[in-house]
1. Select from the range 403-445 the residues that are under 15 Å from I272 (Cα atoms) and charged (D, E, K, R) and list them in ascending order.
2. Which one of these does R422 not meet: (1) in contact (Cβ under 8 Å) with a residue 24 or more places away in the chain; (2) out of contact with any Lys or Arg (no Cβ under 8 Å at 6 or more places or on another chain); (3) not acidic (D, E)?
3. Kindly evaluate Q111 against the criterion of being of a type in the set (S, T, N, Q), part of a helix (DSSP H, G or I) and over 23 Å from V193 (Cα atoms).
4. Among the numbered criteria (1) modelled with pLDDT under 90; (2) closer than 20 Å to C258 by Cβ; (3) not charged (D, E, K, R), which one does T187 miss?
5. Being within 19 Å of V39 (Cα to Cα) and basic (K, R) is true for just one of R120, R131, R186. Which residue is that?
6. Check every one of the helices (runs of 4 or more DSSP H) wholly within the range 242-299 and list those with 3 or more residues that are farther than 30 Å from A206 by Cα and modelled with pLDDT of 85 or more.
7. With the checklist (1) assigned by TED's automatic domain parsing to the domain that holds A453; (2) without any contact (Cβ under 8 Å) to a residue 12 or more places away in the chain in hand, flag the one item Y295 doesn't pass.
8. Is at least one residue of the range 190-210 closer than 22 Å to R145 by Cβ, under 21 Å from the mean Cα position of the chain (by Cα) and either in a helix (DSSP H, G or I) or among the acidic types (D, E) (or both)?
Amino acid sequence: MGLARVLLRVRDRKGSIIPLEANRAQQAFEQRRGRQNIVLKARQMGISTWIAGRFFLKTITQPGTLTVEVAHNREAAEQIFRIVHRFYELLPEGLRSGVLRASRVNARQIQFPELDSEYRVESAADGNAGRGMTIQNLHCSEIARWSGDAAETMASLGAALVPNGELVLESTPNGAYGYFYDRWQRTEETGMVRHFFPWWMEGAYAGPAVPEADWTLEESALAEMNRLLPEQIGFRRQLHNNFRQMAAQEYAESPEACFLASGNCVFDLDCIAKRAGQVHAPPEKRHNGQVWIWYPPQPGRTYVVGVDPAGGGTDGDYASIQVVEQRSGLQCAELRGHIAPPELAKRCAELAKEYNQALLAVERNNHGMAVLAYLNTIERYPAIYEQRGQAGWLTTAVSRPAMIAQLGVALTTWPEIFSSSRLLAECRTFVRQSDGRTGAAAGMHDDCVMAMALALQVRAEMAERPRVER
């Protein structure tokens with residue numbers, strides 16, 4: 001920390017150039033850091049700047065060092081590099097004209113030929129970050145907001161990091177799903193050092209003092225637990241007035257709350273979390289755990305089977321089947337697995353026959369046409385749902401929002417009809433994308449969600465018209 005204060009300069013919140021002096025969060029990171037670190041933080045805690053400073057010092061003091069920072073987009077990469085470039089430009093002149101003379105200083109790269117060292121800033125949006133490199137220091141910034149498949153990008157970067165290299169994964173929260181959330185949850189088995197920095201560790205976060213007599217019970221408990229001052233309670237009230245539901249995401253107070261409160265989940269997270277805590281393992285499992293059965297068929301009752309097909313490859317989407325009772329919508333059985341169309345058609349027919357010759361509704365988009373063909377020619381199942389005279393259900397830009405909305409209403413109004421932890425986990429990671437479309441978050445799946453949405457939609461439609469069997 002002493003070398004950072006002597007050599008490195010940063011621009012403070014007022015725009016002044018000052019020495020890089022560790023604040024409370026930065027000191028805490030420095031005291032606990034290991035070789036592999038994961039950092040969950042509130043906004044603007046100075047962690048990215050501190051890590052950039054640490055790695056810059058390692059780059060200019062250890063010959064043969066390649067440091068790579070990966071930001072979530074090009075704009076963020078350029079912002080980080082401005083910080084690093086300032087470190088270099090404000091070094092003592094004797095160093096910059098001597099051993100630290102740079103041969104290349106461009107938009108995202110500084111090379112020190114006499115040391116054979118280099119500092120690079122990349123963007124995760126570029127897709128090829130880290131390829132062909134041998135990295136000693138790797139900082140992945142705002143990884144919860146990386147576009148595309150963060151796990152795939154990290155696999156490439158991790159392969160480039162030398163065995164004794166230093167790694168920092170750092171981000172504000174962005175939902176209880178995805179690569180960053182998964183790594184945070186699995187630190188005990190991965191051995192990464194966890195660092196959590198709530199907003200009150202930043203001294204600049206203060207507002208008008210609120211007398212203790214005016215604190216709510218929640219504020220009193222939070223202040224007692226974390227030794228907050230009246231000015232910090234005032235700042236917290238301002239946060240909630242300005243950011244409302246986003247306050248827990250942007251200004252984290254606990255790992256659990258900030259993950260659950262963040263992201264762009266389409267469905268009600270509180271309802272999902274409450275129901276997820278109530279469901280139990282299914283009484284019966286079949287086909288190596290692909291099929292879960294909660295309620296066997298009852299005489300005299302009718303059922304709907306919704307099917308979301310897939311190609312069957314182990315790297316692609318899952319195929320999913322949902323069996324619901326016609327009258328109540330109760331989830332009775334579920335299939336989820338990497339199953340090709342011929343086998344999926346066989347499983348569909350088996351379940352539909354078992355559930356009193358249920359109405360079988362197969363999404364006919366993509367692989368669904370093959371499943372329907374096998375059902376018609378090989379399985380010869382008679383009760384296939386038809387839409388305007390054509391077998392199967394067609395999901396379109398018009399029908400999809402209605403399907404998702406109906407599932408959302410059911411999750412909120414009748415959560416007790418759902419029994420599958422797999423389904424509820426997919427509901428939690430079913431998000432609204434930046435272009436307005438809905439679907440699984442990057443690296444997640446929504447096959448159980450779509451099969452259930454289809455089953456409920458067809459169930460509602462069947463309640464309005466007589467069932468026609470083929």
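1. Residues satisfying the conditions are E416, R422, E426, R428.
2. Tallying (1) in contact (Cβ under 8 Å) with a residue 24 or more places away in the chain; (2) out of contact with any Lys or Arg (no Cβ under 8 Å at 6 or more places or on another chain); (3) not acidic (D, E), R422 fails exactly one: (2).
3. Details: of a type in the set (S, T, N, Q): yes; part of a helix (DSSP H, G or I): no; over 23 Å from V193 (Cα atoms): yes.
Spelling it out, it is not the case that Q111 is of a type in the set (S, T, N, Q), part of a helix (DSSP H, G or I) and over 23 Å from V193 (Cα atoms).
4. (1) is the only condition that T187 fails.
5. Working: R120 fails: within 19 Å of V39 (Cα to Cα); R131 fails: within 19 Å of V39 (Cα to Cα).
The unique qualifying residue is R186.
6. Numbers: elements: 247-250, 255-261, 269-276.
Counting at least 3 such residues, we get 269-276.
7. Failed condition: (2).
8. yes
The values are calculated or read from the model by the stated rules, or taken from the named source; none is laboratory data. It should be emphasised that the depicted structure is a prediction, and the values quoted were computed from it without experimental measurement. Neighbour counts are summed over all protein chains in view; Cβ atoms, including those assigned to glycine, are modelled from backbone coordinates with ideal geometry.
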